[in-house]
Amino acid sequence: MPARLVAIAKSHKQRHGSQHLAIFAAVAWPPSLVGMGETILEVSHLSVRQGGLLAVEDVSFALAPETDTALVGPNGAGKSSLVQAVLGLIPRQGGSVRLLGHALGPHGQLPPPVRDQIAYLPQLFAPRGRFPLTVAEFVALGGAPAAGRRQAVQRSLELCACQGLERRLLSELSAGQLKRVLLAFCVVRPRRLLVLDEAQAGLDAQAAEQFHNLLFDLRRSQGWTILQVSHDLDMVRRSCDRVLCLNRRLRCAGSPDHALSPGQLAQLYGHHYAPYRHQHEPAAQP
Amino acid sequence: MTPDASALLVLLGLPFMQRALLAGLLTGGLGGLLGSVAVLRQMAFFSDALGHASLLGLTLAVALGLNPTLVLLPFAVVFALVVNAVVRRSRLPVDALLNIIYSASLAIAVLALSRLPRQGPGLEALLFGDILGVTWLDLGLIAGLLLVAVVLLARHRRSQILLCLDEPLARSRGVDAERQQLLFVVLLALAVALAIKAVGVLLISAFIVMPACGARLVSRGFSGYVLLSSAIGAGGAVIGLLASGLFNLPSGPALVVVQLLGFVLALLASATDRPGAAASASSPDRVG
């Protein structure tokens, strides 16, 4: 078992007194089995129609606490539609979604206390023109409690390596800074589930690595469960517990070693697919 | 003619001028307030379309022989709601669609006006405004709407800012995007309907957009931005009105030209602005 899973399980045991659930959640499939324990997110037979086409068809999965799950697949596979439907941002054609034990309403309704525990980082977030909102103002909008708001904002900015940016306008930030500020927006109040839609899009290699490391640290310290759409298979391989391969339907699911094996990737992306590994990393085994 | 202090005092003593100044102050503040959100939500062209379409409502009032303001208010709200629904469902680019709507509305209204017997305000007054003809009823309506707008925008401030930034992000935080959009569209429609009398159909959009654009160039925080936009709107209207009285200029264009000067000043000031330089950022304690 990967050392990271053991670490997560230990962390889970400290928090909840049970080691079994976290280990189980990281490897368990199908979702009906995961449903036996506590689940953060439970998706059952979800279908989503976008622009008259079925973008997502009959997808089921579940996430257990403090796991990091990647959603991978080619462009147009329905990844963004899936996460948006899971959060109730777009309507679903069929199926059901339960978030933190609460059923998502037909129009995406969730009780506010449940919604407050879920954060979403959109794929494209770039304030247009000179947007007159400071970083501190924006982070406070993430739901900082009225009492001690200034301290909560400051703490979030420090956690996300954004000290000194408080008075900068959002439109004055680099792409990397903007992503970190978005994380501060999430950290400003306790969350249990973080959903990221290609959070590393638009970042250069160094900024992407910084963001990834920050996300990993925050996940451990905050106890987040993560569902992230990603095209960075190396990052997924290194840091995610579980991978869901989507191409309209769920094609495979499991550990990164299993789901990102050459055979599975060829099946997901087509037989012309050839994984490229960075030179500083060990080459993929055929 | 060179105006002097005595001419100004005489002007300020006239009841219709006092009403006009009060109307300019309130309408300018209202335009700046709503414009600050409209500009961030990229709805500047929407206010333009609303303004041009208002000529249809005015034509209807002339044809029926009714008080133009009382006809224009429901007309503008219904028109705005219909256009909003069309824009959200259409697959055409929003600017192209709004262009079609406002051009068609203007053309139909002018054609209809040409067939009606001449009565009430002339076409020029409708196109460029006649703030000197403002009544106590108009003033009461403007003051009431300004109060409602301040209360509603303060109450829904967080939702409106998040929607200006990113709709999916706002929705993920539980913001009812459709409800917030309807709320703002109705407020904007009512403001346009009431401000038409001050600046007319053709200049109403500038009246809403220009103060906000000027404030956006120099503000380093949301509260400051909204306040500055309202101040430019109100101040520009009052100064423009006084200038129009002293120099015998058409009032609507004079108001807009003074607001343009405010925008140019902001443009010049922004040229020296550097990121992180200003210490006037709002406190996070005032947000949300």
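The values are calculated or read from the model by the stated rules, or taken from the named source; none is laboratory data. Because the structure is predicted, anything quoted here is derived from the model rather than measured. Don't worry about glycine lacking a Cβ; one is built from the backbone with ideal geometry, like all the others, and counts go over all protein chains shown. Just the protein is used for accessible areas: all its heavy atoms, side chains included, with ligands, DNA and RNA removed. Shrake-Rupley method; radii C 1.70, N 1.55, O 1.52, S 1.80 Å.
Structural remarks
- To put it simply, the accessible area of the protein assembly as shown at a 1.4 Å probe is 61 percent carbon and sulfur.
- Within 10 Å of each Cβ in B:171-179, the average number of Cβ atoms from other chains: 5
- Per-residue ellipticity at 222 nm from helix content only, as computed over the protein assembly as shown with -39500 (n - 2.57) for each DSSP H run of at least four residues, stands at -18500 deg cm²/dmol.
- DSSP-defined antiparallel bridges as percent of all bridges, the protein assembly as shown, nearest 5: 55 percent
- Percent RCO, i.e. relative contact order, over segment B:38-170, from Cα pairs under 8 Å lying at least 6 residues apart: 31 percent
- Three-way shape call for chain B based on the alpha-carbon gyration tensor, with the a/c threshold at 1.5: oblate
- The relative contact order of chain B, computed from alpha carbon pairs under 8 Å that lie at least 6 residues apart in sequence, is 33 percent.
- Tail weight of P(r) past 38 Å, computed on alpha-carbon pairs of the protein assembly as shown, percent: 41 percent
- Per-residue average of Cβ from other chains inside 10 Å of A:134-145: 6
- Per-residue mean of C-beta atoms belonging to partner chains within 10 Å, peptide B:215-226: 4
- Applying a length cut-off of 27 Å (Cα extent along the axis) and a mean Kyte-Doolittle floor of 0.5 to the DSSP H helices of chain B leaves B:15-40, B:44-64, B:68-89, B:94-115, B:136-155, B:177-218, B:222-247, B:251-270.
- Proportion of all alpha-carbon pairs of segment A:40-183 beyond 23 Å (%): 48 percent
- Chains B and A together bury roughly 3100 Å² of accessible area, counting both sides, with a 1.4 Å probe on protein heavy atoms only.
- Mean-square fluctuations from a GNM of chain B, with a 10 angstrom spring cutoff on Cα atoms, peak among B:V110, B:V37, B:V192 at B:V110.
- Relative contact order of segment A:70-117, pairs being alpha-carbon contacts under 8 Å that are 6 or more residues apart, as %: 25 percent
- Solvent exposure of segment A:61-153 as accessible area per residue, Å², 1.4 Å probe: 33 Å²
- Taking a sphere under 14 Å around the Cβ of A:Q210 and counting the other residues whose Cβ falls inside, with K and R at +1 and D and E at -1, yields a net charge of -2.
- Averaged over its residues, segment B:134-207 has an accessible area of 34 Å² per residue, based on protein heavy atoms and a 1.4 Å probe.
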